[in-house]
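Asker: Sharing a structure, written as structure tokens. Questions coming.
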Amino acid sequence: MKNIIFSGMQPTGALHLGNYLGALKQWVELQDKYPCIFCVVDYHAITIPYQPKEMEKRIAELALDFLAAGLDPDKSIIFVQSQVPQCTELAWIFNTITPLGELERMTQFKEKSAQHKQNVNAGLFTYPVLQAADILLYKANLVPVGEDQVQHIELARDIARKFNSTFAKIFPEPKPLLTKTPRVMSLADPSKKMSKSLGEKHYIALTDSEATIRAKVKSAVTDTSGGSKAPGVENLFTIIESLDQDGITGELRSQQKKGTLKYSDLKDTTANVIISHLRPFQTRRAELAADRSKVGEILIEGASKARQIAAKTIAEVRDKIGVR
Ligand code: AMP
Ligand code: TRP
């Protein structure tokens, strides 16, 4: 079977190092190996409160992040979810074969409904069904994401199986593709995953200035227990290593073993590695931001290619379910 890659991110603000190391960096690498489709999932983003006036800008900002990180429209299809209406059509059909009990188990639903108590809507509940439609509309079988999305991909697999056994075998059973850092931890509280909702000092944004990155890494929690493998320390090591700088950690690792490692050295190295890795990203981002109409054209072109694939799948699906 041919491998096809699909993944997406929500336009909900600046990306952080967790998004990059858990997902985006791998997307860039996969482009040279497989046909890839990458999506700005705006219909997912409206399941939590947002400012309608800001949506267009957020979509453009995320598309800029994608391109600046190295997604290449000559290699991959890059588009905005809402531009392909077949996705919501397929999601509706999938809703009819998804057991409520499966959706009730979803960790992200439980977390988000606790965070947004005033707006626990049906869209938030069926969010993973829309995600399954994203993936299966393109018959993708490999989905590069961070660890927190694995449960959703497993549900997409269950939905594919259910469709295949109920109607006709037309969908692949998708699998998650994880990086070696599928869960980057918060700098300020290494017992939690890095995320924007925890607050500024917990994450490094890909657009943070050099001074901000140094300050955030400097104040990162390292070792509160006196143990040699403290989670905060390991987090800094894995950040360096996943930025393809394993070589640099050799000496620091051996100091760690001997008990002579100075956390200030580890932090300086971490900050330097992050800064030098993000510099080309930030430069490219600034260049692309100067020509936003080009970004718009890329998304229009991407949506047109995506719709061609989507139209074929939805025709096949409608035929199999007897709605022609
Ligand atoms: P989000 O911005 O939370 O919608 O996540 C976008 C992508 O980044 C998804 O593939 C997530 O699994 C991944 N991701 C988010 N936070 C982290 C993290 N702390 N570590 C690794 N991957 C992450
Ligand atoms: N739910 C994903 C997240 O929060 C975003 C997403 C939407 C996605 N559709 C997808 C990821 C399809 C992979 C494949 O990060």
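Values in this text are rule-based calculations from the coordinates and carry no lab data. As the structure is a computational prediction, the values presented were derived from the model and not from experiment. For neighbour counting, all protein chains shown are included, and Cβ atoms are generated from backbone atoms with ideal geometry for every residue, glycine included.
Asker: Work out the FRET efficiency for residue 229 and residue 324 from their Cβ-Cβ distance, taking R0 = 56 Å, and round it to the nearest 0.05.
Answerer: It comes out at approximately 0.40.
Asker: I'd like the FRET efficiency for residue 301 and residue 265, computed as 1/(1 + (r/R0)^6) with the beta carbon distance as r and R0 of 45 Å, rounded to 0.05.
Answerer: 0.40
Asker: Can you list the equivalent-ellipsoid semi-axes of the chain, largest first and in whole Å, using the square root of 5 times each Cα gyration tensor eigenvalue?
Answerer: The equivalent ellipsoid of the chain has semi-axes of 36, 22, 19 Å.
Asker: So, one more: Taking H placed 1.01 Å from N in the peptide plane, check which residues at least 5 places from residue 193 or on another chain put their amide H under 5 Å from its amide H.
Answerer: Residues meeting the criterion, in which the H sits 1.01 Å from N, are 186.
Asker: Filter the cross-link list 25/216; 193/229; 110/201; 110/193; 2/193; 53/110 down to pairs whose alpha-carbon distance in this structure exceeds 23 Å.
Answerer: Where the Cα-Cα span goes over 23 Å, the pairs concerned are 110/201; 2/193; 53/110.
Asker: Moving on to the next point. Per DSSP H run of at least 4 residues, take -39500 (n - 2.57); add these up for the chain, divide by its residues and hand me the 222 nm value, nearest 500 deg cm²/dmol.
Answerer: -17500 deg cm²/dmol
Asker: Consider all pairwise Cα distances in region 12-147 and report the whole-number % of them above 18 Å.
Answerer: 60 percent
Asker: Which one, 64, 261, 236, has the greatest fluctuation when you compute a Gaussian network model over the chain with C-alpha springs under 10 angstrom?
Answerer: 261
Asker: State which entries of 180/257; 180/305; 192/218 exceed 30 angstrom in Cα-Cα distance in the structure shown.
Answerer: 180/305
Asker: When the Cα centres of region 171-231 and region 289-322 are compared, how far apart do they sit, in Å?
Answerer: Result: 34 Å between the Cα centres.
Asker: Would you grab the residues whose amide H sits under 5 Å from the one on residue 145? Only those 5+ places off in sequence or on another chain, please, with H modelled 1.01 Å from N.
Answerer: The answer is 177.
Asker: So, one more: Rounded, prolate or oblate: which fits region 196-286, taking a ≥ b ≥ c as square roots of the Cα gyration tensor eigenvalues, rounded meaning a/c under 1.5, else prolate when a/b beats b/c?
Answerer: oblate
Asker: Rounded if a/c is under 1.5, else prolate if a/b beats b/c, else oblate: with a ≥ b ≥ c from the C-alpha gyration tensor eigenvalues square-rooted, which is region 93-184?
Answerer: Since a/c reaches 1.5 but b/c is at least a/b, the shape of region 93-184 is classed as oblate.
Asker: Follow-up. Roughly what % antiparallel, to the nearest 5, for the DSSP beta bridges in the chain?
Answerer: 10 percent
Asker: Another question, then. Between helix 86-95 and the chain, what is the angle of the helix's C-alpha long axis to the longest principal axis, kept within 0 to 90° and rounded to the nearest 10?
Answerer: So the inclination is approximately 80 degrees.
Asker: Treating the beta-carbon of each Lys and Arg as +1 and of each Asp and Glu as -1, no other charges, what is the dipole magnitude of the chain about its Cα centre, to the nearest 20 debye?
Answerer: The dipole magnitude comes to about 460 debye.
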